[in-house]
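Structure, as structure tokens:
The values are calculated or read from the model by the stated rules, or taken from the named source; none is laboratory data. Please read these numbers as outputs of a predicted model, since none were measured by experiment. All Cβ positions, even for glycine, are placed from backbone atoms using ideal geometry, and neighbour counts span all protein chains on display.
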Amino acid sequence: MTFAPPWHQDAWERLRQRRDRDAMPHALLLAGPAGLGKRAFLERLQRGLLCGQPINGDACGQCRACNLLEAGTHPDRIDVRFELNTSGKLRKEIIVNQIRDLSARLAMASQLGGWQVASIDPADSMNAAAANALLKTLEEPTPASVLVLVADAPWRLTATIRSRC
């Protein structure tokens, strides 16, 4: 089992039970101040959902999917993060083209036949156009996909986005 801080246990157990009932939410918001372990929770969730043989919701660490995750090449894991701009410097916001690319990927079927798990981190750094582009994806989720937004300052997200997660 993956190490998890005790304050994650209740949330983890609720998500595991929902997965067992085939009732996973289409979008989650992991929010709170820096240092709570939101990104570790995200990693555990992504690995557990994408694993071909999960054990109590955690990744087995040995199947093909786990090997692909370890190599950073799993085709159904989509991570939206800060990218380089045209001058080669790291952007300070997530832009609309990144969200459009994400939406296009999520509209396609899973390549390995299971879940597609996407994350936007830090979601509270989306610019206004990116946030607006995300709404359609949140309002019309695709089957077997989970979108996880990670935010240290969730109040920066629009109320509409927060309400859809």
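In summary, helices (runs of 4 or more DSSP H) completely within the range 39-139 and bearing 1 or more residues that are more than 15 Å from the chain's Cα centre (by Cα) and within 30 Å of D10 (Cβ to Cβ) occur at 64-71, 128-139. Scanning the range 121-154 for residues that are hydrophobic (A, V, I, L, M, F, W, C) and closer than 20 Å to C51 by Cα, we see that the one that is surrounded by the fewest Cβ atoms within 10 Å (Cβ to Cβ) is A144. Any residue that is over 21 Å from T142 (Cα atoms), in contact with a strand residue (DSSP E or B) (Cβ under 9 Å, 6 or more places away or on another chain), modelled with pLDDT under 95 and assigned to a loop (DSSP other than H, G, I, E, B) - is there at least one of those in the range 21-36? Looking for residues that are over 21 Å from T142 (Cα atoms), in contact with a strand residue (DSSP E or B) (Cβ under 9 Å, 6 or more places away or on another chain), modelled with pLDDT under 95 and assigned to a loop (DSSP other than H, G, I, E, B), one finds at least one in the range 21-36, hence yes.
Listed by first and then second residue, the pairs with beta-carbon distance under 7 Å, at least 6 apart or on different chains, first residue in the range 65-80 and over 13 Å from G48 (Cα atoms), second of a type in the set (K, R) and surrounded by 13 or more Cβ atoms within 10 Å (Cβ to Cβ), are I78/R105.
Do you know which of the residues in the range 92-107 that are of a type in the set (A, V, I, L, M, F, W, C) and within 14 Å of R77 (Cβ to Cβ) is surrounded by the most Cβ atoms within 10 Å (Cβ to Cβ)?
As a first pass, look at the range 92-107 and keep what is of a type in the set (A, V, I, L, M, F, W, C): 94-96, 99, 102, 104, 106-107.
Cutting the leftovers down to within 14 Å of R77 (Cβ to Cβ) gives us 102, 106.
Working: L102: 22, L106: 19.
Of everything passing the filter in the range 92-107, L102 is surrounded by the most Cβ atoms within 10 Å (Cβ to Cβ).
For every residue, the table says whether it meets (1) closer than 22 Å to R18 by Cβ; (2) among the hydrophobic types (A, V, I, L, M, F, W, C).
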position: N67; (1), (2): no, no
position: K89; (1), (2): no, no
position: V96; (1), (2): no, yes
position: S125; (1), (2): no, no
position: A133; (1), (2): no, yes
position: E140; (1), (2): yes, no
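Tell me yes or no: at least one residue of the range 102-115 is among the polar types (S, T, N, Q) and touching a residue at least 40 places away in the same chain (Cβ under 8 Å). Explain how you work it out, then say what you get.
Of all residues in the range 102-115, those among the polar types (S, T, N, Q) come to 103, 110-111.
So of that shortlist, the ones also touching a residue at least 40 places away in the same chain (Cβ under 8 Å) come out as none.
The answer is no; no qualifying residue exists.
Do we have any residue at all in the range 50-57 that's within 17 Å of P122 (Cα to Cα) and in contact (Cβ under 8 Å) with a residue 60 or more places away in the chain? There is no residue in the range 50-57 that is within 17 Å of P122 (Cα to Cα) and in contact (Cβ under 8 Å) with a residue 60 or more places away in the chain.
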